[in-house]
Every structure is written in structure tokens, then in C-alpha cells.
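*Asks:* Provided herewith is a single structure, encoded as C-alpha cells, for subsequent inquiry.
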Amino acid sequence: MFYWLMKSVFLGPILRLIYRPWAEGVEHVPAEGGAILAGNHLTVVDSFFMPLVLDRKVSFLAKSDYFTERGVKGWFKRVFFGGMGNVPVDRSGGRASEAALRTAVQILESGELLGIYPEGTRSPDGRLYRGKTGVARMALEARVPVVPVAMIGTAEMQPAGRIIPKRMRPGIKFGPPLDFSRYYGMETDRHVLRSVTDEIMYALMELSGQEYVDVYAATVKARAADAKDA
């Protein structure tokens with residue numbers, strides 16, 4: 001209920017009035033049933049504008065840290081992030097990653113839309129980086145299509161360090177669903193997972209017009225941090 005209040009009564013109308021987001025290819029999002037919305041990730045507001053242009057609810061896997069902080073601030077975060085469709089998961093790796101995968105599959109098998117950023121983190125420079133194979137495992141295990149989603153202009157709206165986005169129109173482009181049914185039952189094959197993931201990233205590159213870099217974004221960020229500390 002709170003999700004729809006935020007989207008239709010409180011936050012949604014304000015964002016539409018101030019920023020007037022535009023969208024293309026909304027018809028590619030299935031009207032019912034589970035599906036993955038796999039997007040490029042430029043800035044924080046991506047997760048606000050992507051669901052705003054759709055009639056269906058979109059759930060995202062969010063860091064559990066957003067839901068564990070104490071005090072009034074922690075309560076506000078739990079209410080806000082939970083109300084915005086975020087599901088808390090531990091993304092620290094190992095067993096935690098497997099638990100996150102199970103949560104994602106449950107969401108998809110219940111017939112919902114799941115928003116995912118295959119790069120695993122925000123792009124450090126506006127380019128598109130190598131995708132992590134978790135998105136492929138989710139798609140194959142839940143047996144759902146993957147809809148590529150390109151966020152346009154959000155990096156310029158909210159560059160690093162800026163809290164309130166600039167007043168400009170962001171765009172959201174949805175591509176045709178990608179069908180990976182030919183790989184069902186092969187979700188433990190790492191070569192298949194990489195092939196599926198690369199196909200998703202290629203579709204995102206075509207849709208967004210971004211330059212593609214075959215390196216993980218997290219690796220680039222870690223190298224930049226090391227260079228800064230040196």
C-alpha cells in the first residue's frame with residue numbers, strides 16, 4: 001500500500017511535475033507475470049524514475065544496511081526504502097549472495113517485476129561496464145524474460161556529490177524482452193551464464209548508446225581509490 005501511496009500520491013506526482021521524465025518502449029514490459037528489468041546504473045535516482053513510468057510495481061534488491069540502522073533515522077530509512085519496493089538482502093558475498101539469489105527468484109516466481117543493475121554498482125564515469133552473472137542465474141532459474149532498460153541523462157542530473165538532482169528531463173528506454181528459454185536447465189554452467197549476461201549487456205549498450213568497457217565497474221572504482229591513497 002505504501003508503495004502506491006508514494007508513487008501515486010506523495011513522491012511520484014512531485015517528480016513528474018518537476019522533472020517530466022519521458023519513456024520509450026513501455027509496451028515491451030510484460031503486462032503480467034515475472035520479468036527482470038535489467039538497467040544501466042548511472043546514479044541514485046535511476047531507481048526512482050524507472051518505476052515511475054510503469055503501471056506495475058517494481059521491486060529492487062537493496063543493501064540490508066538500509067534496514068538495520070537504529071533510531072529515528074533508521075526507522076525512516078526502513079519505512080522509505082521498504083515502501084519504495086526495496087527488499088533487504090545481504091550482498092557481502094558467499095552464502096549471503098546465494099540467499100539474495102533465492103530472494104530474487106521468489107519475487108520473480110510470484111509474478112512480480114524485479115529491477116536489477118547487472119554492473120553491480122553505479123558507473124564511475126558514465127560508461128557501461130561488464131555485467132555480473134547473477135542476473136543470468138536469476139533469469140534462468142525463475143524462467144522469466146529480461147527487459148533491457150536504458151536510463152538517459154540521469155548522470156547529468158545528479159553527478160557525484162550532488163544531493164538534489166538538477167531540473168532536467170531524464171529518459172527511460174525499454175528494449176524488446178530477451179528470451180533465454182534455450183538455456184533453461186543450464187543455470188549452473190558458468191559459460192552459459194557469461195553468454196547470457198554478455199547478451200544482456202550488449203542490448204543495454206545498443207539501447208543506451210554508452211561506450212562499453214569489458215571490466216567490472218567495482219574494479220575500476222577500487223583502482224581509483226588505491227591511486228588516490230597512494
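*Asks:* With (1) touching a residue at least 12 places away in the same chain (Cβ under 8 Å); (2) under 22 Å from Val149 (Cα atoms) as the list, and Leu5 as the residue in question, which single condition is left unmet?
*Replies:* So the condition that Leu5 fails would be (2).
*Asks:* Being touching a strand residue (DSSP E or B) at 6+ places or on another chain (Cβ under 7 Å), among the small types (Gly, Ala, Ser) and not in a helix (DSSP H, G or I) is the filter here; which residues of the range 133-160 pass it?
*Replies:* Once the filter is applied, which keeps residues that are touching a strand residue (DSSP E or B) at 6+ places or on another chain (Cβ under 7 Å), among the small types (Gly, Ala, Ser) and not in a helix (DSSP H, G or I), the range 133-160 yields Ala150, Gly153.
*Asks:* Name every residue in the range 212-230 that is surrounded by 11 or more Cβ atoms within 10 Å (Cβ to Cβ), touching a strand residue (DSSP E or B) at 6+ places or on another chain (Cβ under 9 Å) and more than 16 Å from Ile116 (Cβ to Cβ), in order of residue number.
*Replies:* Tyr212, Val213, Val215, Thr219, Val220, listed by residue number.
*Asks:* Another question, if that's okay. Pick from Arg169, Arg190: which is open to solvent by 70 Å² or more (accessible area, probe 1.4 Å) and out of contact with any Lys or Arg (no Cβ under 8 Å at 6 or more places or on another chain)?
*Replies:* It is Arg190.
*Asks:* If you don't mind, there's one more thing I want to ask. Out of Gly171, Gly185, report the one residue that is over 20 Å from the mean Cα position of the chain (by Cα), among the small types (Gly, Ala, Ser) and at pLDDT 95 or above.
*Replies:* Gly185 is the lone residue from the list that is over 20 Å from the mean Cα position of the chain (by Cα), among the small types (Gly, Ala, Ser) and at pLDDT 95 or above.
*Asks:* What strands (runs of 3 or more DSSP E) completely inside the range 1-117 contain at least 3 residues that are touching a strand residue (DSSP E or B) at 6+ places or on another chain (Cβ under 8 Å), modelled with pLDDT under 95 and at negative phi? I'd like the intermediate steps shown before the answer.
*Replies:* Values: elements: 22-24, 35-39, 58-63, 86-89, 113-116.
Output list reads 58-63, 86-89.
*Asks:* Here's something else I'd like to know. When only residues in the range 34-57 that are of a type in the set (D, E, K, R) and more than 9 Å from the chain's Cα centre (by Cα) count, which is farthest from Gly120 (Cα to Cα)? Show your work before the answer.
*Replies:* Kept after step one, since they are of a type in the set (D, E, K, R), are these residues of the range 34-57: 46, 55-57.
Pick out the ones that are also more than 9 Å from the chain's Cα centre (by Cα) and you get 55-57.
Numbers: Asp55: 26, Arg56: 24, Lys57: 21 Å.
The qualifying residue farthest from Gly120 (Cα to Cα) is Asp55.
The values are calculated or read from the model by the stated rules, or taken from the named source; none is laboratory data. Because the structure is predicted, anything quoted here is derived from the model rather than measured. Cβ atoms come from the backbone with ideal geometry, glycine included; neighbour counts cover every protein chain shown. These accessible areas exclude ligands, DNA and RNA; they are computed on the full protein's heavy atoms, side chains included. Shrake-Rupley method; radii C 1.70, N 1.55, O 1.52, S 1.80 Å.
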